[in-house]
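These notes are about the structure you will find just below.
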Ligand code: SF4
């Protein structure tokens, strides 16, 4: 197809991830009904609680309900430091989630490893699973979290989440092999 | 503060004590490795000592280390013991404390485990084994405690490369980095 399939940039995705009217409607609905799975491992968890609590109120954007089973959730929030030892568990949780699914890396630890550049910390959760939105900060301010959520909603509506693009790619491959 | 502990120790086990010192109000006794078990048992069971509380056990890697103000010849060399294992003990009845230090060489880093005397040392000895590779002979369950079994080496030794990672999983769907490719 001549396009860089692994990228999620808008200008690349727009070439081939065109959405039908139905898909646009479905994705519009999806962006307001995110069920989060908080994968909380470290200090950022306190900030996540405050962002989810009534004062900052993540629920305003439809990310209402933390689910504590990956099977019931479609937004994985990686909140805190990921160690190398945790990698298999993180990958497993991601694999268990239902499609389509999105991932937010909350805080510098989950995004890049932060200041832990040593034997035990993974240099970013994206070493193991694809991440859609990264939130910088140690810990991030609640405003940044809300901003990230709005960013993710935009991405969902455009059909540019990693798992959405993966899905699309598979559909295109099937269609191409049928021809 | 607990000088009388050191005095009693020297009087009773003079042959086992290599050297004593006081550091910032803490009394330290360097014990020969072969006598550690006897000395520790005595410290626990003797009524005037009655050390009933295991505070911590840890290790110090002396690689590249030199005491301030000493000539370079005082640095660690192959012949000198590279590791110091420290046991800190406290008595809640007499309110005194003492630190036992045992010098251990790099070639043969082992010493008797004190878990049999104070079960509180169990996990801390495992941690010291995990991070420094010190083998505690007679420990009931000497396995890694924080790291995974696949890990090779001992990360808190000073010669472990500081950013060397040993990943368990990585993604397989990443494209080759286009910047690196060119
Ligand atoms: S980014 Fe900062 S606050 Fe968040 S988990 Fe890491 S160290 Fe803790």
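The values are calculated or read from the model by the stated rules, or taken from the named source; none is laboratory data. Note that the structure is predicted; figures quoted are calculated from it, not measured. A quick note on method: Cβ atoms are made from the backbone with ideal geometry, for glycine too, and the neighbour counts reach across all protein chains shown.
Tabulated data for the structure shown
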quantity	calculated
Test: residue A:81 is assigned to a loop (DSSP other than H, G, I, E, B) and without any contact (Cβ under 8 Å) to a residue 40 or more places away in the chain	no
Residue selected from segment A:58-83 under the condition touching a helix residue (DSSP H, G or I) at 6+ places or on another chain (Cβ under 8 Å) and closer than 21 Å to residue A:118 by Cβ, by the criterion nearest to the other protein chains (Cβ to nearest Cβ)	A:82
Qualifying residue in segment A:91-105 (condition: at pLDDT below 90, over 19 Å from residue A:50 (Cβ atoms) and within 12 Å of chain B (Cβ to nearest Cβ))	no
Condition broken by residue A:173, with the remaining ones in (1) farther than 20 Å from residue A:109 by Cβ; (2) touching a strand residue (DSSP E or B) at 6+ places or on another chain (Cβ under 8 Å); (3) more than 14 Å from chain B (Cβ to nearest Cβ) satisfied	(2)
Breaking point among (1) within 14 Å of another protein chain (Cβ to nearest Cβ); (2) surrounded by 19 or more Cβ atoms within 10 Å (Cβ to Cβ); (3) modelled with pLDDT under 90, for residue A:86	(3)
Condition met for residue A:113 (within 16 Å of the ligand (Cβ to nearest atom), on the phi > 0 side of the Ramachandran plot, more than 9 Å from chain B (Cβ to nearest Cβ) and within 15 Å of the chain's Cα centre (by Cα))	no
Residue selected from segment A:20-46 under the condition under 18 Å from residue A:166 (Cβ atoms) and surrounded by fewer than 17 Cβ atoms within 10 Å (Cβ to Cβ), by the criterion farthest from the chain's Cα centre (by Cα)	A:20
Filter result (in a helix (DSSP H, G or I), surrounded by 20 or more Cβ atoms within 10 Å (Cβ to Cβ) and within 13 Å of the ligand (Cβ to nearest atom)) within segment A:136-160	A:145
Residue ranges of helices (runs of 4 or more DSSP H) in segment A:2-58 with at least 2 members within 15 Å of the ligand (Cβ to nearest atom) and modelled with pLDDT of 90 or more	A:44-52
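So that you can scan it fast, the table gives a plain yes or no per residue for (1) within 13 Å of the ligand (Cβ to nearest atom); (2) under 28 Å from residue B:144 (Cβ atoms); (3) in contact with a helix residue (DSSP H, G or I) (Cβ under 7 Å, 6 or more places away or on another chain):
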residue	(1), (2), (3)
A:91	no, yes, no
A:107	yes, yes, yes
A:124	yes, yes, yes
A:129	no, yes, yes
A:134	yes, no, yes
